[in-house]
Structure formats: C-alpha cells, structure tokens
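Before any comments, here is the structure.
Computed from the coordinates by the stated procedures, all read-outs in this text should not be read as laboratory data. Keep in mind that what you see is a predicted model, and the values were worked out from it rather than measured. Cβ placement follows ideal geometry from the backbone for every residue including glycine, while neighbour counts extend to all protein chains displayed.
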Amino acid sequence: MTDDQIISLFWDRSEVALRETESKYGALCRGIAANILKDPSDAEECVSDAYLRVWNLIPPQRPRFYRAFLCKIVKRICLDRVRYNNAEKRVGLTACFDELENLVAGDGAPETELDKEALRHAINEFLAMQSDRARKIFLLRYWFCAPIPRIAEEMREPDAKITAQLFRTREKLREYLKKEGFLS
C-alpha cells in the first residue's frame, strides 16, 4: 500500500491505517526507538504513542512525506522519554546528539521557530552538497540515531573510518554554519 493510500485511510478514520503503518514502517519505527532508548519496553511504548499521535494529527495534517513524518514523531517521543528518564541526572540525550550539541548550542542557538526553520534549511542545503556516502552516514547517525558499529556494518567499513567520516562531516557543517551566519 502506498503512503498516499495510508494517509487517505487516516482521513477516512479507518483503523486499517494503523495496521498498514505498522506493517510497512513498524520495523523502522522500532529501530529508531531502540537506537535512542535502551529499554525495549520504553521503545515499544514510544512507538505505540507515536501511532496514537499520528492518528490524532491526520487529519487535519496531510504530510507530504509520510515516512519522514512518522519517523520524526517517533524520534520526538523517544527524545521526550529520554529527557524524562534523565530529568534529575541530565547526562545528555544520547551520544549521537552530544556530538552535534556544540554546533547548535551557545551563541548561535536558534531562539525562535523562524530561526530553527532557517537552521533546518541550512543543514538540508549542506547535506545536499555532500557525497551520497557522507550524507547516508550522517543521516544514519543523526536522524536514525544508529550506533557507529551498526553504521559500519551497513557500510561494510571499519568503525574508525565511520567515526572519521562523521568527524569530517561535522567539521564541514561547522564551517558551513559559520559561513551562513549561524555560528560565530
């Protein structure tokens, strides 16, 4: 079933939309949740919460890219769970977000939704200029929160090579964001 068909089922308020979402994207959603949360029961609960949130958002929203829409919701719910779980012992969200934290924190941190949208646009432009390999590694790490060993396995390269690639890409991103006025 296509994403447009699934979205139409949501608009018709058919519960089949949830079954089709689980069938098509359940493994992806659970993978993202497992990468962010180390507790399998928390991960499963967050995926279920994401399905409920999608049910409540469609309609009125009609996402253009359903897969990305769904992944973003799963990721946000999981990050909220991490924040909740670590509220008293603020240890950072996860290792992958700690790596990017210094790029968007501090003096150049976006303060408004407009700033955040501009930053999002700049990062998308930056990624469009990268090689397919560099972009894939970056997205696996920072969008899907995959651990470096899993990325290395998928790319069939040593962990050290993936770590070095991520470092180089972050440095290029830092320079790009400076050039675009997001960092001082």
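From the phi of every residue in region 56-70, what ³J(HN,Hα) in whole Hz does the Karplus formula 6.51 cos²θ - 1.76 cosθ + 1.60 yield, where θ is phi - 60° and glycine or proline is x?
Working through the residues one at a time gives 7, 8, 10, x, x, 6, 10, x, 6, 10, 4, 4, 5, 4, 5 Hz.
Taking the simple approach of a point 7 Å from Cα along Cα-to-Cβ for both Leu139 and Lys161, what is their distance in nm?
Modelled inter-label distance: 2.1 nm.
Across region 3-85, what fraction of all alpha-carbon pairs, as a whole percent, falls in each successive 5 Å bin from zero upward?
Computed distribution, short to long bins: 3, 17, 29, 24, 15, 9, 4, 0.
Out of every Cα-Cα pair in the chain, what percent are more than 20 Å apart? Provide the component values of the computation, followed by the final result.
Details: 10243 of 16836 pairs.
Across the chain, Cα pairs with separations above 20 Å total 61 percent.
May I ask you to order 29-35, 77-83 by the average number of other C-beta atoms within 10 Å around their residues, highest value first? Intermediate results must be reported in sequence, preceding the final value.
Working: 29-35: 22.1, 77-83: 18.1.
Peptide ranking by packing, descending: 29-35, 77-83.
Quickly rank 171-181, 41-51 as a protection proxy: mean count of other C-beta atoms within 10 Å, highest first. Mind dumping the intermediate values first?
Details: 171-181: 14.7, 41-51: 18.9.
Final packing ranking: 41-51, 171-181.
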